[in-house]
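Visitor: Input: one structure, supplied below.
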Amino acid sequence: MKLSGENRIKAPPSEVWRALNDPEILKKAIPGCESLDKIDDTHFKATVVTKIGPVQAKFNGEVELSDLDPPNGYTISGKGSGGVAGNARGGAKVKLAPDGAGTLLTYDVDAQVTGKLAQLGSRLIDSTAKMLAGQFFNRFEEIVGR
């Protein structure tokens with residue numbers, strides 16, 4: 001599954017960058033996030049509960065930040081296990097650019113799911129992914145763009 005988009009955030013790139021690296025802000029913005037713990041500057045552990053169609057899963061996973069270019073962007077990659085529901089793996093390139101007094105955040109995501117989740121069909125998975133991305137960025141903008 002591939003997904004891309006952009007959001008305008010009412011905060012300068014340096015503030016958006018700090019927020020994208022703050023586990024407390026990310027935990028509040030990620031739909032269904034139960035925990036997000038920083039292991040070091042580029043690694044996190046997370047637990048997220050989500051529902052895709054009739055399948056609800058609790059994913060335990062790891063996230064890594066790479067290609068760090070503060071405050072212009074990074075690559076975020078992760079993998080998670082949802083038990084019998086299946087597994088997810090993916091990554092995103094996140095770019096930040098000045099946009100007047102704010103920031104234009106663009107992202108390109110590539111993700112794969114296996115197990116029961118993969119059997120649901122790509123349309124359902126894609127629409128759920130778009131919905132979750134929208135929820136994340138709306139919450140993120142509310143928190144950061146005050």
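The values are calculated or read from the model by the stated rules, or taken from the named source; none is laboratory data. Because the structure is a prediction, the values reported are computed rather than measured. Cβ placement follows ideal geometry from the backbone for every residue including glycine, while neighbour counts extend to all protein chains displayed. Each accessible area value is taken on the protein alone, full model and side chains, heavy atoms only, with ligands, DNA and RNA left out. Shrake-Rupley method; radii C 1.70, N 1.55, O 1.52, S 1.80 Å.
Visitor: Would you pick out the residues in the range 25-47 that are touching a helix residue (DSSP H, G or I) at 6+ places or on another chain (Cβ under 9 Å), over 15 Å from residue 138 (Cα atoms) and open to solvent by 30 Å² or more (accessible area, probe 1.4 Å)?
Guide: 34, 35, 37, 38
Visitor: Kindly indicate which of 65, 117 is under 23 Å from residue 144 (Cβ atoms) and either assigned to a strand (DSSP E or B) or at pLDDT below 95 (or both).
Guide: Working: 117 fails: under 23 Å from residue 144 (Cβ atoms).
Result of the check over 65, 117: 65.
Visitor: Let me ask you something else. Of everything in the range 106-133 that's open to solvent by less than 60 Å² (accessible area, probe 1.4 Å) and polar (S, T, N, Q), which residue is nearest to residue 8 (Cα to Cα)?
Guide: 106
Visitor: Now for a different question. Quick check on residue 102: is it open to solvent by less than 40 Å² (accessible area, probe 1.4 Å), touching a strand residue (DSSP E or B) at 6+ places or on another chain (Cβ under 9 Å), among the small types (Gly, Ala, Ser) and modelled with pLDDT of 95 or more?
Guide: Yes: the conditions hold for residue 102.
Visitor: Looking at the range 99-115, I want the residues that are on the phi > 0 side of the Ramachandran plot and have a partner that is assigned to a strand (DSSP E or B) with Cβ atoms under 8 Å, at least 6 apart or on another chain. Which pairs are those?
Guide: Final answer for the pair search is 115/87.
Visitor: For the range 2-53, give me every one of the strands (runs of 3 or more DSSP E) that falls completely inside it and has 3 or more residues that are over 15 Å from residue 145 (Cβ atoms) and under 13 Å from the mean Cα position of the chain (by Cα).
Guide: Ranges flagged: 2-9, 43-52.
Visitor: Also, quick follow-up: Among (1) open to solvent by less than 70 Å² (accessible area, probe 1.4 Å); (2) in contact with a strand residue (DSSP E or B) (Cβ under 8 Å, 6 or more places away or on another chain); (3) within 22 Å of residue 34 (Cβ to Cβ); (4) in contact (Cβ under 8 Å) with a residue 24 or more places away in the chain, which single condition is residue 76 missing?
Guide: Every condition holds for residue 76 apart from (4).
Visitor: Can I ask one more? In the range 79-98, how many are more than 19 Å from residue 32 (Cβ to Cβ), open to solvent by 60 Å² or more (accessible area, probe 1.4 Å) and in contact with a Leu (Cβ under 9 Å, 6 or more places away or on another chain)?
Guide: 2
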